[in-house]
Amino acid sequence: MPEGHTIHRYARLHRRRLNNGPVAVWSPQGRFAEGASHLDGRHLEHIDPLGKHLFYRWEGDTTLHVHLGLFGKFRTFTGEPPPPTDETRMAMQAGDATIYLAGPTACELVTPAEEETIRDRLGPDPLDRSASPDRFAANLARRRIPIGAALLDQKVVAGVGNVYRAELLFLLGIHPRTPASELAAVTVAVLWDRTVDELRRGERSGRIVTTDPVHFGATRDRDLHGEERLYVYKRHGLDCRRCGTVIRIEDLGNRSIWWCPSCQPG
DNA sequence: GGGTGATGCTGAG
DNA sequence: TCAGCCTCACCCC
């Protein structure tokens with residue numbers, strides 16, 4: 001689940017659910033017991049997402065940092081929630097909403113200095129309206145690594161993950177191994193704009209859809225079945241939706257990438 | 001019921 | 001470069 005669009009969606013949802021009155025916070029699993037007892041009963045003032053990171057601002061200048069990693073998940077319940085599982089690291093409850101967090105890479109209270117260290121490692125976030133496309137361009141210009149590897153580097157751009165990198169490169173017809181520094185300025189500008197558009201689309205619908213629902217007789221992204229939502233991700237061995245060439249898979253930047261040899265020539 | 005892979009990242013070597 | 005960490009949905013018996 002968690003690329004940048006999911007994180008920003010969680011921020012929006014949690015802001016709405018937890019902004020009225022004090023929030024009960026506890027750690028059913030116990031691994032966040034100390035932090036939870038520190039937060040329990042405080043008001044949540046704001047949530048700042050950045051890339052794949054979430055910063056929850058609590059009264060009393062306390063910040064909770066959450067990073068979901070590969071497996072982390074929030075579950076939200078209205079009314080009477082089911083009992084938390086043994087894997088529930090943190091639970092938050094306000095009004096009739098209960099939110100469980102399981103499997104995060106990070107769930108910790110951070111000092112301003114620690115937060116600064118995290119932020120220093122992150123590039124511009126396409127879902128942040130004040131993010132600078134020029135910073136993205138400058139980050140790419142400095143790297144000789146393949147664009148397919150650069151898009152996964154959170155210091156280059158914060159929030160893109162393995163699904164979006166494959167889909168974005170397909171949408172723009174860029175071969176994944178093209179050196180980042182060799183992309184034309186206009187291509188980089190279009191890549192940024194498209195990244196913003198696609199992540200926003202994912203944030204809105206809650207799922208990653210890069211294809212056009214109309215082609216499948218649907219009108220909304222969420223009406224598409226799993227296989228219809230994407231052009232190349234995990235489609236190796238299948239025909240390209242645009243040209244019919246067989247989609248390929250290979251390793252790039254320690255992860256698999258999928259691409260179309262015809263639509264994305266080297 | 002067991003095995004596996006996954007939309008992520010870090011730190012040791 | 002690679003092991004390790006975190007959890008769960010999905011597949012196969």
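Every number here is computed from the coordinates shown, using simple stated rules; none is lab data. Computed from a prediction, not measured in an experiment: that's the story for all the values here. Here the Cβ is made from the backbone with ideal geometry for all residues, glycine too, and neighbour counts use every protein chain on show.
Quick notes on this structure:
- Full-extension gain in nm, A:T78 to A:E228, via 0.36 nm per residue minus C-alpha separation: 50.9 nm
- Within-10-Å neighbourhood charge of A:P28 [Cβ basis; K, R +1; D, E -1]: 0
- Per-residue ³J(HN,Hα) for segment A:250-266, Karplus 6.51 cos²θ - 1.76 cosθ + 1.60, θ = phi - 60°, Hz, x for Gly and Pro: 7, 8, 8, x, 6, 10, 7, 10, 10, 7, 9, x, 8, 6, 10, x, x
- The slack in the chain from A:H215 to A:R16, taken as 0.36 nm per residue of separation less the alpha-carbon distance, amounts to 68.2 nm.
- For segment A:51-172, the extents of the C-alpha atoms along the principal axes are 51, 34, 25 Å, listed from largest to smallest.
- Summary of the geometry: segment A:232-247 and segment A:114-177, compared by the centres of their Cα atoms, lie 24 Å apart.
- Length added when fully stretched, A:E115-A:D40, from 0.36 nm per residue minus Cα-Cα: 24.9 nm
- Under 12 Å of direct C-alpha separation, and excluding same-chain neighbours fewer than eight residues apart, A:K155 reaches these aspartates and glutamates: A:D120, A:D125.
- Cross-link partners of A:K234 among lysines (Cα-Cα below 25 Å; sequence separation of 8 or more within a chain): A:K52, A:K73
- Under the simplified labelling scheme, the A:R57-A:D239 pair shows an inter-label distance of 5.4 nm, with each label point 7 Å from Cα along Cα→Cβ.
- Candidates A:A102, A:H14, A:T195 compared by Cα position along the dipole of chain A: farthest toward the positive end lies A:T195, with charges placed on Cβ.
- Nonlocal amide H pairs with A:M90, under 5 Å, H built at 1.01 Å: A:L101
- Karplus 3J(HN,Hα) series, Hz, for segment A:171-177 with 6.51 cos²θ - 1.76 cosθ + 1.60 (x for Gly, Pro): 4, 9, x, 9, 5, x, 8
- Label point at A:D193 placed 7 Å out along Cα→Cβ; residues across segment A:109-143 whose backbone nitrogen lies under 18 Å: A:126-138
- Applying the Karplus relation 6.51 cos²θ - 1.76 cosθ + 1.60 with θ = phi - 60° to segment A:10-15 yields 3J(HN,Hα) values of 4, 4, 5, 5, 5, 4 Hz, where x marks Gly and Pro.
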